[in-house]
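The values are calculated or read from the model by the stated rules, or taken from the named source; none is laboratory data. Quick caveat, the model's predicted, so the values are computed rather than measured. Quick reminder, even Gly has a Cβ in these numbers, built from the backbone with ideal geometry, and neighbours come from all protein chains shown.
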Amino acid sequence: MTPERLDIDDALTRMQALASDLWSHRSRHHPGQLAWSAAYGEPEVLDLGPAFVVEGAWAWLESLDWLEVCGRDPEAIEQVVQAALAAADDEVTTSTLETESEVLTVLAAAGFTEIEAPWFTHHHLDLSDLPPVELPEGYAVRAVRPDEHEQRAAVHRAAWSSTSRVTGAAYQRLMRTPPYRPETDHVVVAPDGQWVASCCVWLDAATGVALVEPVGCVEEHGRLGLATAASVSALTAARDLGATEGLVCPRGDDDYPGPARLYRRIGFEPGARTRAYRWRRDT
Ligand SMILES: CC(C)(COP(=O)(O)OP(=O)(O)OC[C@H]1O[C@@H](n2cnc3c(N)ncnc32)[C@H](O)[C@@H]1OP(=O)(O)O)[C@@H](O)C(=O)NCCC(=O)NCCS
């Protein structure tokens, strides 16, 4: 069967459904991560590429030089990878979890070879082991409301970068992208009322897996346990809504170890890591 070529907005629900169906500790994709990647910025700015979908597999050109792949049936994976490469730039990079053997076999056969690049480690947590929320005196943590997209985007940018693409308009759209729920998107409020830390958790109701993405704390309030508090609070809300397991995917290489330490202190345990591969078109 020829893969369907779709804009990400039209493909997202099907891509999320397959990621959810195939979910295990061996798989890279979670519906919440796909929602974040598809909607964290305004569409004109993100300039996302097309997705190629068949029964049992998809390949998404997140940009024309970056590929994401999901599937378990090698034949279906090969069809979507070949369709994506035909539409891609002459050089394409991809990242997979090291345990995704079916995807890795297809990528190797297509000519992808491993490259040195920052990598990420999936971390898992049984949510019955969540610690209590602890905050310094005067700080409070709460869920955002659906009309608070401007403030919510601002606290994200303040922690990450003033040039972040997470604008108020982008966040408003993100909040309409399933499986987003304001109940599991938490912010820490400082004694002066300023929002200073945040954590968005994405609950996949089908698997019970709650993904932490992203987390931030502004520098002036750093190392007070606020990112930890936002994460534990949002995960607790997800557990109250039926989540059984937490997932987070921080950097695993030595260049940026802080976030992995933060999550391990909460109780997350490291699982599989990502590896990056590159393909060049024969000319
Ligand atoms: C990383 C970040 C979220 C930490 O926020 P924070 O509120 O300062 O974190 P906490 O106070 O809850 O830290 C808990 C633990 O995490 C670890 N940690 C946090 N920041 C760290 C850093 N910069 N370097 C090393 N370890 C760090 C420490 O073990 C810390 O405990 P300690 O202070 O007792 O040593 C914040 O610096 C940030 O927003 N950075 C930019 C965005 C980002 O990288 N987000 C995380 C990836 S999703």
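Determine if the range 207-216 includes at least one residue that is more than 16 Å from the ligand (Cβ to nearest atom), small (Gly, Ala, Ser) and farther than 12 Å from His30 by Cα. There is no residue in the range 207-216 that is more than 16 Å from the ligand (Cβ to nearest atom), small (Gly, Ala, Ser) and farther than 12 Å from His30 by Cα.
Per the listing Glu137, Glu148, Glu183, the residue uniquely among the charged types (D, E, K, R), more than 14 Å from the ligand (Cβ to nearest atom), buried (at least 20 other Cβ atoms within 10 Å of the Cβ) and in the same structural domain as Ala234 (by TED's automatic domain parsing) is Glu148. Screening Arg265, Arg223 for residues that are near the ligand (Cβ under 6 Å from one of its atoms), exposed (fewer than 15 other Cβ atoms within 10 Å of the Cβ), part of a helix (DSSP H, G or I) and assigned by TED's automatic domain parsing to the domain that holds Ala140 leaves exactly one candidate, Arg265.
The residues of the range 268-283 that are of a type in the set (Phe, Trp, Tyr) and either within 12 Å of the ligand (Cβ to nearest atom) or surrounded by fewer than 16 Cβ atoms within 10 Å (Cβ to Cβ) (or both) amount to a single one, Phe268.
Can you pull out the residues in the range 234-248 that are in contact (Cβ under 8 Å) with a residue 40 or more places away in the chain, surrounded by fewer than 24 Cβ atoms within 10 Å (Cβ to Cβ) and either of a type in the set (A, V, I, L, M, F, W, C) or not in a strand (DSSP E or B) (or both)?
Thr236, Ala237, Arg239, Leu241, Thr244
Residue pairs whose Cβ atoms lie under 6 Å apart, separated by 6 or more positions or on different chains, with the first residue in the range 21-43 and under 16 Å from Asp185 (Cβ atoms) and the second among the β-branched types (Val, Ile, Thr), are Ala35/Thr177; Ala39/Thr177; Tyr40/Val166.
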